[in-house]
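Peer 1: Sharing a structure with you now.
The values are calculated or read from the model by the stated rules, or taken from the named source; none is laboratory data. Note that this is a predicted model, so its numbers are computed, not measured. Positions of Cβ are backbone-derived with ideal geometry, glycine not excepted, and every protein chain shown enters the neighbour counts.
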Amino acid sequence: MNEDAVLLDLRRRAHDGSPQALYQLASALVARHELDEAFTLHRRAAEAGLANAQIEYARMLMYGVGCDAEPLRAAEWLLRAESVGSPIASYFLALMSLGGRTLPRDGRVNERVLRAVRADYPPALRAAAVHFGRKADPADQLRCLQLLERGAGLGDVIAARLFLERITHGEGDVPQPDAAADLRGQLQAIGVGPLPEIVVPEFARSEAAPGVLSMDDVLQPIDLHLQSTRPRVMTVDGLLSAEECRLLIANAEVHLTRSRTVDPDTGLPMEQEIRTSSDASFDAIQEDLALRCVQLRMASAAGVPLDHAEHLVVLRYEPGQEYRPHRDYRPPSSIERDRPEAGNRMRTICAYLNTVEAGGQTEFPVAGLRVEPRPGRAVVFENLHPDGSPDPDSLHAGLPVERGEKWLATLWLRQGRYRAF
Ligand SMILES: O=C(O)CCC(=O)C(=O)O
Ligand SMILES: [Fe+2]
């Protein structure tokens, strides 16, 4: 059957009101970006009691897909699906709760993630693996490896790539060269190449409660080192683990496109010579728990709640590519178009994800400061004066990469709330 015939058949069955057919039709429509109708159909299937539809309907409500975002209603539907035993609903409830805005950030977060881990839900396995991978206890390191291997076995390519790095370099256990060669071959066969080699020199594994899953570790306060007061620039080394850096790169790689910048005259994003990198911007609906945890860690290091953050952007610069001197605050016309109530970009945090062979420093010309890119290191800076007015001294640049490539993750943090949860 061709696509239209399949859709016609689904429509006929959905017309009879079968919840399963409503759900399947809605899913097919989401894939075709026919979101308004999909939203209505998922709602009908959800109301008829189908847990999978309750989750999909809740996801649309969470992220405002085919509707305005209504995280509280989303949470209600997830709770209904959870009450009939859906571990995926538990996973999304945990993902929401970690923001602490819609649902309380309490011990249930960890119980819920564990439920989804026990049900072998790959995004939960991946998030738990990255979590245990930061812990010092050797048993937690083994746990990380086992979770990645399980995810890989279930077809999760990102888990497979993270697992490959670990068994290649002997992280968490002795190196396994034969198994690594085998897995490398399997990944190559589906067009997945190697990740950059990443070592985070200053990374200190966490001594917190060995053996215990505690997802809110990402909110640990950390000390930033003041590098300049005009503009205010701070750095921290070892913020991200090598695994978190790899996770960001692996997620971004498949979505890279030529970077755009907001044109000061029109307020519209345009390809411009000022910024020649490629980037991937993660729409909220693309984020999974592991990515959300890394973003929470970054936002919390910058001292701002994650719901003030615009979409995460991961950038890749190749030799000669750069981000010429610019300021991150936006012209009034572009703010008007994109959540004016969230105000301007008060602060930026950039995390360096790999070792750059030469070049690629972040330069703050007014302060005469250059921050060296180094995996796991982050730089935080203010774009506005304390009274909220733009600070022209926040001028900065990503200097051209001379050799190798540079991967960077940026969160632009607004003055007010930008995300729904
Ligand atoms: O590449 C850099 O070092 C700076 C990036 C930057 O300025 C930005 O993402 O806003
Ligand atoms: Fe910038």
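Peer 1: Looking at segment 272-313, which of the residues that are part of a helix (DSSP H, G or I) and basic (Lys, Arg) is nearest to LEU219 (Cα to Cα)? Show your work before the answer.
Peer 2: Of all residues in segment 272-313, those part of a helix (DSSP H, G or I) come to 284-286, 289-301, 306-308.
Filter again for basic (Lys, Arg), leaving 292, 297.
On the way: ARG292: 12, ARG297: 6 Å.
Within segment 272-313, the match that is nearest to LEU219 (Cα to Cα) is ARG297.
Peer 1: Does ALA81 count as within 18 Å of the chain's Cα centre (by Cα) and at pLDDT 95 or above?
Peer 2: Working: within 18 Å of the chain's Cα centre (by Cα): no; at pLDDT 95 or above: yes.
Taking the combined requirement at face value, the residue does not satisfy it.
Peer 1: Here is a follow-up. Just checking, which of SER389, SER333, SER300 is more than 14 Å from ligand 1 (Cβ to nearest atom) and under 30 Å from HIS131 (Cβ atoms)? Give the derivation first.
Peer 2: Values: SER389 fails: under 30 Å from HIS131 (Cβ atoms); SER333 fails: under 30 Å from HIS131 (Cβ atoms).
Of the residues listed, the single one that is more than 14 Å from ligand 1 (Cβ to nearest atom) and under 30 Å from HIS131 (Cβ atoms) is SER300.
Peer 1: Kindly check whether there is at least one residue in segment 309-318 that is of a type in the set (Phe, Trp, Tyr) and farther than 17 Å from ASP279 by Cα.
Peer 2: Of the residues in segment 309-318, the ones of a type in the set (Phe, Trp, Tyr) are 317.
Those left that are additionally farther than 17 Å from ASP279 by Cα: none.
No, segment 309-318 contains no residue that is of a type in the set (Phe, Trp, Tyr) and farther than 17 Å from ASP279 by Cα.
Peer 1: Among the candidates GLU171, GLU197, GLU149, GLU202, which residue alone is of a type in the set (Asp, Glu), surrounded by 15 or more Cβ atoms within 10 Å (Cβ to Cβ) and within 14 Å of ALA242 (Cβ to Cβ)? Break it down stepwise before answering.
Peer 2: On the way: GLU197 fails: surrounded by 15 or more Cβ atoms within 10 Å (Cβ to Cβ); GLU149 fails: within 14 Å of ALA242 (Cβ to Cβ); GLU202 fails: surrounded by 15 or more Cβ atoms within 10 Å (Cβ to Cβ).
Of GLU171, GLU197, GLU149, GLU202, the one residue that is of a type in the set (Asp, Glu), surrounded by 15 or more Cβ atoms within 10 Å (Cβ to Cβ) and within 14 Å of ALA242 (Cβ to Cβ) is GLU171.
Listed here are the residues, each with its yes/no results for (1) in contact with a helix residue (DSSP H, G or I) (Cβ under 9 Å, 6 or more places away or on another chain); (2) at pLDDT 95 or above; (3) surrounded by fewer than 24 Cβ atoms within 10 Å (Cβ to Cβ); (4) part of a loop (DSSP other than H, G, I, E, B).
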position: LEU95; (1), (2), (3), (4): yes, yes, no, no
position: ARG105; (1), (2), (3), (4): yes, no, yes, yes
position: PHE132; (1), (2), (3), (4): yes, yes, no, no
position: ALA160; (1), (2), (3), (4): yes, yes, yes, no
position: ARG166; (1), (2), (3), (4): yes, yes, no, no
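Peer 1: Could I ask something else about it? Quick check on segment 345-358. Is at least one of its residues more than 10 Å from ligand 1 (Cβ to nearest atom), over 20 Å from GLN272 (Cβ atoms) and in a helix (DSSP H, G or I)?
Peer 2: Checking segment 345-358: not a single residue is more than 10 Å from ligand 1 (Cβ to nearest atom), over 20 Å from GLN272 (Cβ atoms) and in a helix (DSSP H, G or I).
Peer 1: How many of the residues in segment 255-286 are within 28 Å of GLU70 (Cα to Cα) and either among the hydrophobic types (A, V, I, L, M, F, W, C) or in contact with a strand residue (DSSP E or B) (Cβ under 7 Å, 6 or more places away or on another chain) (or both)?
Peer 2: Adding up the residues that qualify gives 8.
Peer 1: Any residue at all in segment 229-236 that is on the phi < 0 side of the Ramachandran plot and assigned to a loop (DSSP other than H, G, I, E, B)? Talk me through it step by step, then tell me what you get.
Peer 2: Restricting attention to segment 229-236, the residues satisfying the condition of being on the phi < 0 side of the Ramachandran plot are 229-236.
After this cut, where a residue has to be assigned to a loop (DSSP other than H, G, I, E, B) as well, the list is 230-231.
Among the residues of segment 229-236, at least one is on the phi < 0 side of the Ramachandran plot and assigned to a loop (DSSP other than H, G, I, E, B), which makes the answer yes.
Peer 1: For segment 276-298, enumerate the residues that are in contact with an Asp or Glu (Cβ under 9 Å, 6 or more places away or on another chain) and in contact (Cβ under 8 Å) with a residue 60 or more places away in the chain.
Peer 2: SER277, ALA290, CYS293, VAL294, GLN295, LEU296, ARG297
Peer 1: If you don't mind, another one. When the residues of segment 277-293 are narrowed to those that are more than 16 Å from ligand 1 (Cβ to nearest atom) and crowded, with 21+ Cβ neighbours inside 10 Å, which ends up farthest from LEU408 (Cα to Cα)? Spell out the reasoning first.
Peer 2: Taking segment 277-293 and keeping what is more than 16 Å from ligand 1 (Cβ to nearest atom), we get 283-293.
After this cut, where a residue has to be crowded, with 21+ Cβ neighbours inside 10 Å as well, the list is 289-293.
Details: LEU289: 20, ALA290: 17, LEU291: 14, ARG292: 16, CYS293: 17 Å.
The selected residue is LEU289.
Peer 1: List the number of the failed condition for LEU114; all other conditions in (1) part of a helix (DSSP H, G or I); (2) within 29 Å of GLY303 (Cβ to Cβ); (3) touching a residue at least 40 places away in the same chain (Cβ under 8 Å) hold.
Peer 2: That leaves (2) as the condition not met.
Peer 1: Quick check on segment 362-407: of everything there that is within 13 Å of ligand 2 (Cβ to nearest atom) and within 22 Å of THR257 (Cα to Cα), which residue is surrounded by the most Cβ atoms within 10 Å (Cβ to Cβ)?
Peer 2: GLY398
Peer 1: Now for a separate question. What are the pairs, 6+ residues apart or on separate chains, where a residue within segment 382-405 that is under 17 Å from ARG324 (Cα atoms) and in a strand (DSSP E or B) has its Cβ under 8 Å from a residue that is away from ligand 2 (no atom under 12 Å from the Cβ) and of a type in the set (D, E, K, R)?
Peer 2: From residues that are under 17 Å from ARG324 (Cα atoms) and in a strand (DSSP E or B), the pairs are GLY398/LYS406; VAL401/GLU318; GLU402/GLU357.
Peer 1: Looking only at segment 314-344, how many residues end up being of a type in the set (Phe, Trp, Tyr) and either at pLDDT below 95 or assigned to a strand (DSSP E or B) (or both)? Break it down into steps so the answer makes sense when it comes.
Peer 2: Step one: filter segment 314-344 for residues of a type in the set (Phe, Trp, Tyr), giving 317, 323, 329.
Now narrow it down to the ones that are either at pLDDT below 95 or assigned to a strand (DSSP E or B) (or both): 317, 323.
Qualifying residue count, segment 314-344: 2.
Peer 1: Which residue is nearest to ligand 2 (Cβ to nearest atom), if the candidates are limited to segment 313-326 and must be among the charged types (D, E, K, R) and crowded, with 19+ Cβ neighbours inside 10 Å?
Peer 2: The first filter runs over segment 313-326 and keeps only residues among the charged types (D, E, K, R), leaving 316, 318, 322, 324.
Remaining after also requiring crowded, with 19+ Cβ neighbours inside 10 Å: 316, 322.
Details: ARG316: 15, GLU322: 12 Å.
By that ranking, first place goes to GLU322.
Peer 1: Right, something else. Among all residue pairs at least 6 apart or on different chains, which show Cβ distances below 7 Å where the first residue, located in segment 248-269, is at pLDDT 90 or above and the second is in a helix (DSSP H, G or I)?
Peer 2: Listed pairs, sorted by first residue: LEU248/VAL294; ALA250/ILE158; ALA250/ARG161; ASN251/ILE158; ASN251/LEU291.
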